[in-house]
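Read the figures in this text as sums done on the coordinates, not as results from a lab. Computed from a predicted structure; not experimentally measured. Neighbour counts are summed over all protein chains in view; Cβ atoms, including those assigned to glycine, are modelled from backbone coordinates with ideal geometry.
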Amino acid sequence: MLNTRTSVLNNQSIVGLSVFIIGICLAWQLGNSISARDLGTLEYTALAFAACVVAVAILRNWRLGFYFFLVWLLFEDLVRKFLGNNIAIYFAKDVLAGLVYMSFLIDVRKGRANLFRPPFFLFLMLFVWLGVLQVFNPNAPHILYGLMGFKVYFYYIPLMFIGYALIRNDEDLRKFLLVNCLLSGVIAMIGIIQAIFGRSFLNPAHLAPELAELGDLDKVTPLTQQVLSLPTSVFVSSGRFSLFMILAAILTMGSTGYVLLHTKRSRKLMFLVFGIVEVATLFSGARGAVVLGVMSVSVLSVGFLWGAPWRWQQAHRMVTAIRRSFIVAVLGLTAIILIFPEQAGSRIAFYAETLSPNSSAYQLGNRSWSYPIYNLELAFTNPNWILGNGIGTGSLGTQYIARILRTPLQTVNVEEGFGLLIVEMGIIAPFLWILWSAALLYYSWKVVRGLRETRFFPIAFAICWYSFVLLYVLTYGSLASFQNYISNMYLWLLIGVLFKLPIILAASPDPLITSRNPRQRRGFSF
């Protein structure tokens, strides 16, 4: 017993001495950096210290750690812009995700979390195994391209297990939706400010060369020659911002429907965020975001009415949600047009001149059919279209592999999503894609139908609609939408949340359960 205590004391002494020595070394390094006015080293040191703190928090509590990961994922680009597009920062989110997975598995082994058994798993695994084989495609220039591509496509799939375990009851769901609405509102507001006052807001004076091509773009209206600046918000590109606005509009509208059927808490805030997101979509300067935003609001409105709790004589709440959403959106757009007519007018002119069939500069037909089909046909001009060139050879992130290998960047001149699948993974890839995504949507729709006339239907319908938009509509235009890590992460996370909703409903059979006391259980606990 005495030997054990002595051993413990010795171990504590060694740990304490090690921490003291490390602290002295860090203090010495920081002192040298401060005296040399090396602010870059100080910034990286602060980030490293914060990363260590977050890593410890994740390993101690994966639920709290997940929200750290979520915030970092959405704001990572902001850090990269100011620190010169450092590769280590780009991969930091993957390290955090790995820590969340590790901490979650520990809880599963201890019986504190349940694993989700997705009914579409077999179909998904067929596509995953194709990706595994494509890592070793002999046509690939280097195996690192395959590893990067595999990460881009599949690394966030385990998040559906995280999403399933994260939501244990209605309060967990409300907190999750509230956090996402707040983050969406902040990102949308920054985008609006940049569109009105210029991109210098929350952007460095000079972007890294590889980011300047994405984050410093303007558009000109084809007929009236008006120039509109494309905001990036916290992201490195205007395209990523507009893509996030599509997700934010769908998720926020589904959230407002859920809280209106379930609780009085967070209602006003979510409606306000919805209005801000709609204004930000207008200012994004992206026709795809505007078209899909209008389409999503229309489809969700019809869907909400179809799934409203008519049997429980509470359908008026769903009608109220739709009416308020429209009112908030219209008021927000009207106010911004009246206050900033020049900035709003240039964007409205751009949409009208390129989307109106009566305009001589009409482009909707070309962008929605001719251009994608041309790119799909272009895929078959690639000499390796049968077996493909290897997963990752045309994916996002190839610039980092080229930088590591110090080789010229691989360029794949196919933008259409299914065409890029052929170029990367061969002719079988689009068929397996359609198979697994159709299975996912089929089983998701079964869950949505089972939640009709309950408080969960609006958010369930919104998740199913977002999955369809990402896997088919956006992929048809470009596979970059699916490969974008934010869109990809949210897909798998929300799928896990969707399949957990029937379990929560079974535990509380009342389909509505409206909270009576809005002051009850304030705050966040994980």
Under a Cβ-Cβ cut-off of 15 Å, what is the net charge of the residues other than Leu421 that fall near it, where Lys and Arg count +1 and Asp and Glu count -1?
-> -4
Given Ser229, Gly293, Leu474, which one lies farthest toward the positive end of the charge dipole of segment 114-507, if we put +1 on the Cβ of every Lys and Arg and -1 on the Cβ of every Asp and Glu?
-> Gly293
For segment 114-507, what is the charge dipole size about the Cα centre, in debye to the nearest 20, if Lys and Arg each add +1 at the Cβ and Asp and Glu each add -1 at the Cβ?
-> 1460
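Work through the residues other than Phe457 whose Cβ is under 12 Å from its Cβ and net out their charges, Lys, Arg +1 and Asp, Glu -1.
On the way: positive: Arg317, Arg449, Arg452, Arg455; negative: Glu453.
That works out to +3.
Determine, for each peptide in 389-395, 374-380, 234-240, 98-104, the mean count of other beta carbons within 10 angstrom over its residues, then list the peptides with the highest first. Could you put the intermediate results ahead of the total?
Values: 389-395: 27.4, 374-380: 16.6, 234-240: 23.1, 98-104: 19.1.
Ranking the peptides 389-395, 374-380, 234-240, 98-104 by packing returns 389-395, 234-240, 98-104, 374-380.
Could you sort out which of Lys81/Lys219; Lys219/Lys500; Lys110/Lys500; Lys151/Lys264; Lys268/Lys500 sit more than 32 Å apart by Cα distance in this structure?
Numbers: Lys81/Lys219 22 Å; Lys219/Lys500 43 Å; Lys110/Lys500 20 Å; Lys151/Lys264 41 Å; Lys268/Lys500 26 Å.
Flagged as over cut-off: Lys219/Lys500; Lys151/Lys264.
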Counting only DSSP loop positions in segment 80-136, the trypsin sites (Lys or Arg not before Pro) whose Cβ has at most 11 other Cβ atoms within 10 Å are Lys110, Arg112
Rank these for me by crowding, Ile87, Ile495, going from fewest to most other beta carbons within 10 Å.
-> Ile87, Ile495
For Glu353, what is the net charge nearby, where nearby means another residue's Cβ is under 13 Å from its Cβ and Lys, Arg count +1, Asp, Glu -1?
-> +3
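Can you sort His206, His262, His142 by how many other beta carbons sit within 10 Å, fewest first?
Values: His206 10, His262 23, His142 17.
The order, fewest Cβ neighbours first, is His206, His142, His262.
Mind sorting Asp172, Asp218 by how few other Cβ atoms lie within 10 Å of their own Cβ, fewest first? Could you put the intermediate results ahead of the total?
Working: Asp172 17, Asp218 11.
Fewest to most other Cβ atoms nearby, the residues stand as Asp218, Asp172.
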